[in-house]
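The values are calculated or read from the model by the stated rules, or taken from the named source; none is laboratory data. Given the structure is predicted, the values throughout are model-derived calculations rather than measurements. Neighbour counts are summed over all protein chains in view; Cβ atoms, including those assigned to glycine, are modelled from backbone coordinates with ideal geometry.
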Amino acid sequence: MAKILMKGNEAVAEAAIRAGCRLYFAYPITPQSELIEYMAKTMPKVKGTFIQAESEVAAINMVYGASGCGKRVMTSSSSPGISLKMEGISYIAGAQLPAVIVNVQRGGPGLGDIQPAQGDYFQATKGGGHGDYRLIVLAPSTVQEFADMASEAFDLADKYRNPVLILSDGMLGQMMEPVEFKPAKTDEEIEELGKQHLSWCICPNEDGAAHHHHEINSLEIDPTVLEKHVNELYKKYAIIEQNEIRYEEFNVCDDNEVLCVAWGTASRIVKSAINELKAEGKSVGLIRPINVWPYPYAQVANAIGKKVKKVYVFELNTGQMLEDVKIAVCGKVPVDFWGKVGGIVFTPAEIKAKLETCF
Amino acid sequence: MEIIAQRPKALTKLGFTYCPGCLHGVAHRLIAEAVDEMELNNVMCGVAPVGCSVFAYKFFDFDMAEAAHGRAPAVATGMKRARPDMHVFTYQGDGDLAAIGTAEIVHAANRGEHISVFFVNNAIYGMTGGQMAPTTLPEMKTTTSPYGRKTDDIGFPIRMSELISTLVAPYYIERVSLLSPAEIIKAKKAVAKAIRYNKERRGFTFVELISTCPTNWGIDPIKSRDWARENMLPFFKIQCFRDKGEGVE
């Protein structure tokens, strides 16, 4: 299939539909509005459901209901809207439902602004909603990756019965890049996908089959039962931590004098700076976590070569993933940080200038 | 031996955990009887609220979802859209539906979602221990209106059936009461009609059931029914607000 020039917001919507998503509930917010508009336009053409909900809260609870029926369902929003969804996300995690949530991050806190930012890393990877739970969090750095992550997110959600968050930002949402899509799933394939959930989801009793009573629920009033439930969740999270570490190494080699760690939009700017330094004979590596939960702690530690004097973290926030990098590095070498906030994106020249001080 | 009365199949064998004299058990039974009579046991599903009936998902013997506080109509929307072959209802109390979940119920009704909503109004928060509800009557004492509900401070009770009646889409809206056997028989007809309309894909149906809370009102079960009759029914009038199936607009 030929490549198509598309905005990230539209590409992830198209990819989700191709991955078998036939239910989408959301509320308009900048800078993700092209996503909801693409769904409004396209869902009717594939006999899918599109609802512009009355609120972010309602949208995520519609997701809870549809996901409880074992169907591939998605919602999307931008930072302030994701905060509103956090109640529902906690319930979805507690009830172990597969669902996909897209966050096209903007500047915060509060209403902040509508420019790209990475300030929701803590919210996405450390909780956000109440209670002990984890989201699988995928962080794209290109429009192509943003699109590819839609189908990956649905597969992971189905596999682990866990909500998956795609943590992008206003840059990736608004930027146009060439995208190549995977073939669309057929109606038969989508129906087959739904069958994997029939043992627990809300579904009709087949004639002649034993009568079932499935409960979609996160309430366990007996503390010993809740303890068991939360411990079971943690066993699942441990398996996800074993299986789903994903990262990219860029120019990581024995000559590295600095190792950078950056994710999403920030990482592609760091790559440009590294290429420029390489031309000047200065060796800098980059490790880019692709999944930011589970986090590649061991891989970050292993990427620190013998000549590395410093690990440098660059983010579009005031240092959030920085804390995970410090856990990974564990004092082996100094960890430095530089970030930009307010929705202002740093330039390759600025990153290069920061890295040059290390030589 | 002929069986003339038995536990509906649509209820699980689990005994209700409600307070003595509570009418939730009656309301549950009415829904279950209607499901049995229409033989919808294999295609029925429901959404339980937060409140005293939070465990309703354990009591109905078909698939159930437990929603966050007030969100049942949104959850039911997702369920019905995902499984149009199933019949979906929500069961909600006054705090759930008329306070924290006001947006969800108004907009599900306004979309004309093909769901049935059973709204149990007893003018108080039961599960949390007797706090003021959006339907608490003027001057009524609760733990958070210890000097009586002052309407110049906190406003008047919300009449949800009337409020929903201002919307164009809803197909059937009726307020009934559970205060005597005769009223329960009438309530049963309304509950069954709401589910039948749902089955026939007519549109959004809403039945408000006026109930009691002997425990938190501090009135014994029999007298609490008299209290409700004297105090609630003048404000919350028993009425069919809309029945498009029978020309009531």
**Fill in**
Checked the range A:199-211 for anything at pLDDT 95 or above and loosely packed, with under 14 Cβ neighbours inside 10 Å; matches are A:S199
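Picking from A:E56, A:E34, A:E10, which residue would you name as being assigned by TED's automatic domain parsing to the domain that holds A:G112, at pLDDT 95 or above, of a type in the set (D, E) and over 18 Å from A:M171 (Cα atoms)? Outline the logic, then answer.
Details: A:E34 fails: over 18 Å from A:M171 (Cα atoms); A:E10 fails: over 18 Å from A:M171 (Cα atoms).
Sole residue among the options that is assigned by TED's automatic domain parsing to the domain that holds A:G112, at pLDDT 95 or above, of a type in the set (D, E) and over 18 Å from A:M171 (Cα atoms): A:E56.
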**Request:** Those residues that are in contact with a Pro (Cβ under 8 Å, 6 or more places away or on another chain) and over 21 Å from A:P163 (Cβ atoms), I need them from the range A:194-247; list them, please.
**Result:** A:Y247
**Request:** For the range A:34-71, name all the residues that are more than 10 Å from chain B (Cβ to nearest Cβ) and of a type in the set (K, R).
**Result:** A:K41, A:K45, A:K47
**Prompt:** Which of the residues spanning the range A:86-103 are under 15 Å from the mean Cα position of the chain (by Cα), crowded, with 24+ Cβ neighbours inside 10 Å and within 12 Å of another protein chain (Cβ to nearest Cβ)?
**Reply:** A:I89, A:A99
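Can you confirm whether B:A68 is facing another protein chain (nearest Cβ under 8 Å) and not in a helix (DSSP H, G or I)? Write out each step before concluding.
Details: facing another protein chain (nearest Cβ under 8 Å): yes; not in a helix (DSSP H, G or I): yes.
So B:A68 passes the test.
If the requirement is being more than 15 Å from the chain's Cα centre (by Cα) and surrounded by 23 or more Cβ atoms within 10 Å (Cβ to Cβ), which of these qualifies: B:T77, B:T135, B:T128? Walk me through how you get there before you give the answer.
On the way: B:T135 fails: more than 15 Å from the chain's Cα centre (by Cα); B:T128 fails: surrounded by 23 or more Cβ atoms within 10 Å (Cβ to Cβ).
Sole residue among the options that is more than 15 Å from the chain's Cα centre (by Cα) and surrounded by 23 or more Cβ atoms within 10 Å (Cβ to Cβ): B:T77.
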**Request:** Return yes or no: is B:F59 surrounded by fewer than 22 Cβ atoms within 10 Å (Cβ to Cβ) and touching a Leu at 6+ places or on another chain (Cβ under 9 Å)?
**Result:** no
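For every residue, the table says whether it meets (1) free of Cβ contacts under 8 Å to residues at least 40 places away in the same chain; (2) assigned by TED's automatic domain parsing to the domain that holds A:V311; (3) over 26 Å from A:K306 (Cβ atoms); (4) among the aliphatic types (A, V, I, L, M).
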{"site": "A:P204", "(1), (2), (3), (4)": "yes, no, yes, no"}
{"site": "A:H211", "(1), (2), (3), (4)": "yes, no, yes, no"}
{"site": "A:E220", "(1), (2), (3), (4)": "yes, no, yes, no"}
{"site": "A:E227", "(1), (2), (3), (4)": "yes, no, yes, no"}
{"site": "A:K236", "(1), (2), (3), (4)": "no, no, yes, no"}
{"site": "A:I239", "(1), (2), (3), (4)": "no, no, yes, yes"}
{"site": "A:V261", "(1), (2), (3), (4)": "no, yes, no, yes"}
{"site": "A:N275", "(1), (2), (3), (4)": "yes, yes, no, no"}
{"site": "A:L286", "(1), (2), (3), (4)": "yes, yes, no, yes"}
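Inspect the range A:37-56 for any residue being among the β-branched types (V, I, T), free of Cβ contacts under 8 Å to residues at least 40 places away in the same chain and crowded, with 20+ Cβ neighbours inside 10 Å and give the result as yes or no.
Here is the first cut: in the range A:37-56, the ones among the β-branched types (V, I, T) are A:42, A:46, A:49, A:51.
Now narrow it down to the ones that are free of Cβ contacts under 8 Å to residues at least 40 places away in the same chain: A:42, A:46, A:49, A:51.
Going one step further and asking which of them are crowded, with 20+ Cβ neighbours inside 10 Å, we end up with A:49, A:51.
Scanning the range A:37-56 turns up at least one residue that is among the β-branched types (V, I, T), free of Cβ contacts under 8 Å to residues at least 40 places away in the same chain and crowded, with 20+ Cβ neighbours inside 10 Å.
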**Item:** Residues of the range A:173-199 satisfying the condition of being assigned to a loop (DSSP other than H, G, I, E, B), without any contact (Cβ under 8 Å) to a residue 24 or more places away in the chain and within 14 Å of another protein chain (Cβ to nearest Cβ)
**Value:** A:S199
**Item:** All positions within the range A:84-100 that are free of Cβ contacts under 8 Å to residues at least 40 places away in the same chain and among the hydrophobic types (A, V, I, L, M, F, W, C)
**Value:** A:L84
**Request:** Given the conditions (1) among the hydrophobic types (A, V, I, L, M, F, W, C); (2) within 30 Å of A:D132 (Cα to Cα); (3) in contact with a Cys (Cβ under 9 Å, 6 or more places away or on another chain), report the number of the one that A:A266 does not fulfil.
**Result:** (3)
**Count of residues meeting criterion [at the interface with chain A (Cβ under 8 Å from one of its Cβ atoms) and either assigned to a helix (DSSP H, G or I) or within 13 Å of the chain's Cα centre (by Cα) (or both)] in the range B:81-93** = 2
